[in-house]
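Novice: Sending over a structure as structure tokens; questions will come in a sec.
The values are calculated or read from the model by the stated rules, or taken from the named source; none is laboratory data. This structure is a prediction, so every number in the text was calculated from the model and none was measured. Please note: Cβ atoms are built from the backbone with ideal geometry, for glycine as well, and neighbour counts cover all protein chains shown.
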Protein chains: 2
Amino acid sequence: MSELALKAEKSDAADELAGVRSQFVLDDVVYLDGNSLGALPVAVPGRVEDVVRRQWGELRIRSWDESGWWTAPERIGDRIAPLVGAAAGQIVVGDSTSVNVFKAVVAAVRMAGEGRDEIVVDATTFPTDGYIAESAARMTGCTVRPVTPAEVPDVLGDRTAAVLLNHVDYRTGRLHDLPALTAAVHAAGAVAVWDLCHSAGALPVGLDEHGVDLAVGCTYKYLNGGPGSPAYLYVRSDLQSRFDSPLPGWNSHAEPFGMRPAYEPAPGALRGRVGTPDILSMLALEAALDVWDADGVSVGAVRAKSLALTDFFLECVASYVPSGRVESVTPVAHEERGSQVALRCADAGDVMKRLIERGVVGDFRHPDVLRFGFTPLYVGFADVERAARVLGELVR
Amino acid sequence: MSELALKAEKSDAADELAGVRSQFVLDDVVYLDGNSLGALPVAVPGRVEDVVRRQWGELRIRSWDESGWWTAPERIGDRIAPLVGAAAGQIVVGDSTSVNVFKAVVAAVRMAGEGRDEIVVDATTFPTDGYIAESAARMTGCTVRPVTPAEVPDVLGDRTAAVLLNHVDYRTGRLHDLPALTAAVHAAGAVAVWDLCHSAGALPVGLDEHGVDLAVGCTYKYLNGGPGSPAYLYVRSDLQSRFDSPLPGWNSHAEPFGMRPAYEPAPGALRGRVGTPDILSMLALEAALDVWDADGVSVGAVRAKSLALTDFFLECVASYVPSGRVESVTPVAHEERGSQVALRCADAGDVMKRLIERGVVGDFRHPDVLRFGFTPLYVGFADVERAARVLGELVR
């Protein structure tokens with residue numbers, strides 16, 4: 001057994017989260033794509049079956065009350081809240097991330113007030129955020145200014161209405177400085193909107209602590225909610241009365257069953273709701289969140305293991321992969337690293353295909369990036385060592 | 001056995017759709033709330049289990065290709081298309097009805113062009129359509145003009161951009177004249193947007209035949225897709241190149257995995273997509289649509305039985321319920337009736353509670369309406385007779 005394999009074995013033996021792996025359905029594949037689609041939690045299939053067969057099949061319409069369907073968006077929001085450092089009553093679940101970005105950016109511009117007509121957007125963002133911000137700008141009389149996160153402080157000013165940023169870059173895995181950037185946005189009198197898709201469930205976010213205004217995120221990556229599970233929207237409690245949604249659907253009405261012709265927004269976070277929530281996907285997510293209730297599972301523990309995993313992966317890659325064959329584009333500094341490692345590699349598309357054939361699943365990001373996500377709840381150190389070893393064999 | 005019970009027995013024996021009932025999970029309750037939440041099709045639980053356990057649990061990320069997840073919105077749209085009289089390639093499934101109303105109304109205003117700044121909206125609409133139309137108007141520099149559908153032709157003019165109408169009124173069950181109203185909208189040079197929530201799957205819609213421009217609908221009523229199953233958007237093929245979405249998410253990009261900073265819309269109906277589709281709810285819907293493939297099941301057959309059921313219900317109510325105790329607000333004329341009967345009744349809330357206790361499930365619409373929906377795929381004539389008989393016993 002190699003030195004690194006021995007080290008992996010030791011680290012797995014000492015890993016306090018190692019037992020959590022049994023709460024997921026996994027096989028002998030090394031699954032490093034949980035930053036795209038989280039693995040299936042063991043609790044989910046039974047819950048979904050109950051939702052379909054009993055709640056829908058037997059109780060039918062009664063389930064909107066009796067099975068808690070109607071209140072699911074805010075109830076599940078409160079389950080996500082502690083994972084992103086938010087007190088209860090500030091998150092609702094529903095719709096896709098893109099739709100929530102639209103709600104958040106338009107609402108942010110409306111909060112910012114007169115004379116502020118520029119939306120600053122991370123130029124390296126996952127594309128949909130940029131597309132949606134352009135639409136929000138067009139529909140609110142603003143312009144979009146794309147800059148890298150590092151340039152954000154320099155472009156803020158009296159005209160800045162809102163700033164839309166990614167907590168972790170989807171491509172490089174770079175973790176941006178949420179506290180400092182939020183403070184800079186606030187110093188300029190603008191509204192900070194954070195996209196947490198690639199950080200929530202993998203590292204501490206601290207929404208309340210850092211005074212973030214609005215945030216959105218998906219639930220199918222590190223929260224393991226399942227394919228296309230609904231996204232969420234955070235509206236800080238003191239801003240909720242000023243949250244003016246561009247999608248004022250009946251679910252966010254103060255009296256949804258009053259069937260009144262005039263819209264009157266509900267108080268609180270549920271002002272972010274729109275239409276009837278997709279119950280099957282939403283309750284699958286609820287079951288998936290149970291894993292966070294297990295003893296010893298916390299965002300802090302997850303973050304510590306995540307950094308140990310990515311450190312170890314970089315160490316293994318350095319040892320197994322011929323020098324110069326791949327280049328990490330993920331920052332070395334812990335405070336700048338999310339829970340993934342991205343390796344630039346000229347023939348990345350082909351390499352990823354062969355990795356997958358060998359049982360190491362990551363993904364390929366056009367044009368030249370191998371992306372490996374590390375979900376500490378179910379990825380172990382032996383997985384990491386094997387992934388790097390197979391990569392080394394393939395590219396040698 | 002009473003005369004009406006005998007008549008019910010004879011009608012059930014002659015009913016060519018009677019066998020379809022076995023494709024649904026039903027008990028001894030008379031379920032007349034399928035216009036709110038359709039009953040569970042027998043095919044759904046097994047399909048959902050496969051999606052969860054095998055597609056997500058075993059194939060994980062590979063399912064986006066291998067299980068056809070990525071193309072589900074347009075594939076399932078093509079399954080709905082024949083049910084609303086549309087050729088393939090014009091419908092995508094995804095998001096809630098409210099979100100689709102927003103897409104459709106904004107896109108309609110943009111299609112209508114300069115100088116047209118009024119959105120005419122059915123004043124008797126299900127409220128969310130009105131709320132969302134108001135938001136669309138606010139964000140496109142338009143005003144909303146609420147009128148009853150009968151008044152629509154009188155208010156159309158050079159300033160009309162779009163007209164948002166309901167095919168069937170959610171409260172009264174009145175079926176509006178889609179061909180004539182669409183023609184009137186077109187004669188005024190405006191864009192017709194139809195909400196099919198209460199008609200699709202219950203009666204012929206004829207979108208292509210009548211030249212409807214844009215349409216939206218939900219899938220959890222007469223299409224039995226399950227609680228909060230995704231809605232759909234129809235964009236007539238010749239308008240697709242002009243469909244300018246206010247929610248241009250990455251799923252509607254011409255090259256979604258190109259991760260390009262500039263948005264370029266895909267051709268065709270999938271321009272109506274936004275973010276990652278909720279696969280669990282979507283594939284449950286796909287399984288639910290299988291029932292339409294059975295021998296003898298067609299929208300025509302469903303419509304014929306629907307009218308026979310509602311006729312018979314009105315006949316039974318007239319016989320069993322003391323004269324004057326309830327008053328039907330649903331039109332008598334077949335060409336003005338959807339697939340529900342709404343009875344005005346001063347103590348409707350209390351009466352519906354007691355009906356449900358007696359195994360007859362309809363719903364109550366504030367302040368004084370008993371609403372009974374008839375899904376011909378699983379409601380029989382004996383159900384109808386029993387519902388009216390129990391109602392008569394309760395209010396006598």
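Novice: In the list A:ILE76, A:ILE80, A:ILE61, A:ILE91, which residue meets the criterion of being surrounded by 21 or more Cβ atoms within 10 Å (Cβ to Cβ), over 27 Å from A:LEU207 (Cβ atoms) and not charged (D, E, K, R)? I'd like the intermediate steps shown before the answer.
Specialist: Numbers: A:ILE76 fails: over 27 Å from A:LEU207 (Cβ atoms); A:ILE80 fails: over 27 Å from A:LEU207 (Cβ atoms); A:ILE91 fails: over 27 Å from A:LEU207 (Cβ atoms).
Going through A:ILE76, A:ILE80, A:ILE61, A:ILE91 in turn, just one is surrounded by 21 or more Cβ atoms within 10 Å (Cβ to Cβ), over 27 Å from A:LEU207 (Cβ atoms) and not charged (D, E, K, R): A:ILE61.
Novice: Still on this model: Does A:ILE132 satisfy the criteria of being closer than 19 Å to A:ARG159 by Cβ, without any contact (Cβ under 8 Å) to a residue 60 or more places away in the chain and touching a helix residue (DSSP H, G or I) at 6+ places or on another chain (Cβ under 8 Å)?
Specialist: no
Novice: Another question, then. Select, from A:GLU335, A:GLU393, the only residue that is of a type in the set (Asp, Glu), in a helix (DSSP H, G or I), within 18 Å of A:LEU307 (Cβ to Cβ) and modelled with pLDDT of 95 or more.
Specialist: A:GLU335
Novice: Now a separate question. Can we say A:ALA162 is out of contact with any His (no Cβ under 6 Å at 6 or more places or on another chain), part of a helix (DSSP H, G or I), among the small types (Gly, Ala, Ser) and not assigned by TED's automatic domain parsing to the domain that holds A:VAL332? Steps first, please.
Specialist: Working: out of contact with any His (no Cβ under 6 Å at 6 or more places or on another chain): yes; part of a helix (DSSP H, G or I): no; among the small types (Gly, Ala, Ser): yes; not assigned by TED's automatic domain parsing to the domain that holds A:VAL332: yes.
So A:ALA162 does not fit the description; no.
Novice: Please verify whether A:TYR234 is without any contact (Cβ under 8 Å) to a residue 40 or more places away in the chain and in contact with a helix residue (DSSP H, G or I) (Cβ under 8 Å, 6 or more places away or on another chain), treating the condition exactly as stated.
Specialist: no
Novice: Quickly run through region B:147-176 and pick out the residues that are under 17 Å from B:THR124 (Cβ atoms) and surrounded by fewer than 17 Cβ atoms within 10 Å (Cβ to Cβ).
Specialist: Passing the criteria: B:THR148, B:ALA150, B:GLU151, B:PRO153, B:ASP154, B:VAL155.
Novice: Would you check if there is a residue in region A:288-304 being within 23 Å of A:ALA39 (Cβ to Cβ), at pLDDT 95 or above and within 14 Å of another protein chain (Cβ to nearest Cβ)?
Specialist: Yes: one or more hits.
Novice: Go through (1) within 14 Å of chain B (Cβ to nearest Cβ); (2) out of contact with any strand residue (DSSP E or B) (no Cβ under 6 Å at 6 or more places or on another chain); (3) without any contact (Cβ under 8 Å) to a residue 60 or more places away in the chain and name the single condition A:SER323 misses.
Specialist: Among (1) within 14 Å of chain B (Cβ to nearest Cβ); (2) out of contact with any strand residue (DSSP E or B) (no Cβ under 6 Å at 6 or more places or on another chain); (3) without any contact (Cβ under 8 Å) to a residue 60 or more places away in the chain, A:SER323 violates only (1).
Novice: Tell me which residues, restricted to region A:130-156, are under 22 Å from A:ARG242 (Cβ atoms) and either part of a loop (DSSP other than H, G, I, E, B) or touching a Lys or Arg at 6+ places or on another chain (Cβ under 8 Å) (or both).
Specialist: Matches in region A:130-156: A:THR140, A:GLY141, A:CYS142, A:LEU156.
Novice: Quick check on region A:104-123. Is at least one of its residues without any contact (Cβ under 8 Å) to a residue 60 or more places away in the chain and within 9 Å of chain B (Cβ to nearest Cβ)?
Specialist: yes
Novice: Can you name every residue in region B:47-75 that is touching a Leu at 6+ places or on another chain (Cβ under 6 Å) and farther than 27 Å from A:ASP28 by Cβ?
Specialist: B:GLU74 - this is the single residue of region B:47-75 that is touching a Leu at 6+ places or on another chain (Cβ under 6 Å) and farther than 27 Å from A:ASP28 by Cβ.
Novice: Taking A:VAL163 as meeting all but one of (1) touching a residue at least 40 places away in the same chain (Cβ under 8 Å); (2) hydrophobic (A, V, I, L, M, F, W, C); (3) more than 19 Å from A:VAL106 (Cβ to Cβ), write down the number of the exception.
Specialist: (3)
Novice: Could you identify the single residue in B:VAL48, B:VAL42 that is over 24 Å from B:ARG389 (Cα atoms), touching a residue at least 40 places away in the same chain (Cβ under 8 Å) and either surrounded by fewer than 18 Cβ atoms within 10 Å (Cβ to Cβ) or not polar (S, T, N, Q) (or both)?
Specialist: From the options B:VAL48, B:VAL42, the qualifying one is B:VAL48.
Novice: Before we move on, is A:VAL329 in contact with a helix residue (DSSP H, G or I) (Cβ under 6 Å, 6 or more places away or on another chain) and touching a residue at least 60 places away in the same chain (Cβ under 8 Å)?
Specialist: The answer is no for A:VAL329.
Novice: Same structure, new question: Do we have A:PRO179 as crowded, with 17+ Cβ neighbours inside 10 Å, closer than 30 Å to A:LEU32 by Cα and away from chain B (no Cβ under 14 Å) here?
Specialist: For A:PRO179, the condition - crowded, with 17+ Cβ neighbours inside 10 Å, closer than 30 Å to A:LEU32 by Cα and away from chain B (no Cβ under 14 Å) - is not met.
Novice: Something else: Going by the conditions given, is B:SER63 more than 30 Å from A:THR140 (Cα to Cα), of a type in the set (S, T, N, Q) and not assigned by TED's automatic domain parsing to the domain that holds B:SER319?
Specialist: yes
Novice: Considering only region A:331-351, how many residues are crowded, with 24+ Cβ neighbours inside 10 Å and either among the small types (Gly, Ala, Ser) or closer than 13 Å to A:VAL30 by Cα (or both)?
Specialist: Residues meeting the conditions: 3.
Novice: Among the residues of region B:257-285, which ones are surrounded by fewer than 24 Cβ atoms within 10 Å (Cβ to Cβ) and either of a type in the set (Gly, Ala, Ser) or out of contact with any Pro (no Cβ under 8 Å at 6 or more places or on another chain) (or both)?
Specialist: B:PHE257, B:GLY258, B:ALA262, B:GLU264, B:ALA266, B:PRO267, B:GLY268, listed by residue number.
Novice: Okay, next question. I'm trying to understand the selection: among the residues of region A:230-263, which are at pLDDT below 95 and more than 9 Å from chain B (Cβ to nearest Cβ)?
Specialist: Residues satisfying the conditions are A:ALA254, A:GLU255.
Novice: Tell me whether region B:6-13 contains one or more residues that are closer than 27 Å to A:LEU59 by Cβ, surrounded by fewer than 18 Cβ atoms within 10 Å (Cβ to Cβ) and not assigned by TED's automatic domain parsing to the domain that holds B:PRO230.
Specialist: Checking region B:6-13: at least one residue is closer than 27 Å to A:LEU59 by Cβ, surrounded by fewer than 18 Cβ atoms within 10 Å (Cβ to Cβ) and not assigned by TED's automatic domain parsing to the domain that holds B:PRO230.
Novice: Restricted to region A:352-374, and to residues that are within 18 Å of A:GLY38 (Cβ to Cβ), in contact with a strand residue (DSSP E or B) (Cβ under 6 Å, 6 or more places away or on another chain) and away from chain B (no Cβ under 12 Å), which residue is surrounded by the fewest Cβ atoms within 10 Å (Cβ to Cβ)?
Specialist: Applying the filter and picking the extreme gives A:VAL360.
Novice: With at the interface with chain B (Cβ under 10 Å from one of its Cβ atoms), more than 23 Å from A:PHE257 (Cα to Cα) and touching a residue at least 12 places away in the same chain (Cβ under 8 Å) as the only criterion, which of A:LEU26, A:LEU83 stands out?
Specialist: Unique residue meeting the criteria: A:LEU26.
Novice: Here's a check for you: in region B:148-197, which residue that is among the basic types (Lys, Arg) and in contact with an Asp or Glu (Cβ under 9 Å, 6 or more places away or on another chain) is farthest from B:LEU343 (Cα to Cα)?
Specialist: Per the stated criteria, the residue is B:ARG159.
Novice: Another question, then. Out of everything in region B:126-167 that is acidic (Asp, Glu) and more than 14 Å from chain A (Cβ to nearest Cβ), what residue ends up being farthest from the chain's Cα centre (by Cα)?
Specialist: So, considering only residues that are acidic (Asp, Glu) and more than 14 Å from chain A (Cβ to nearest Cβ), the one farthest from the chain's Cα centre (by Cα) is B:ASP158.
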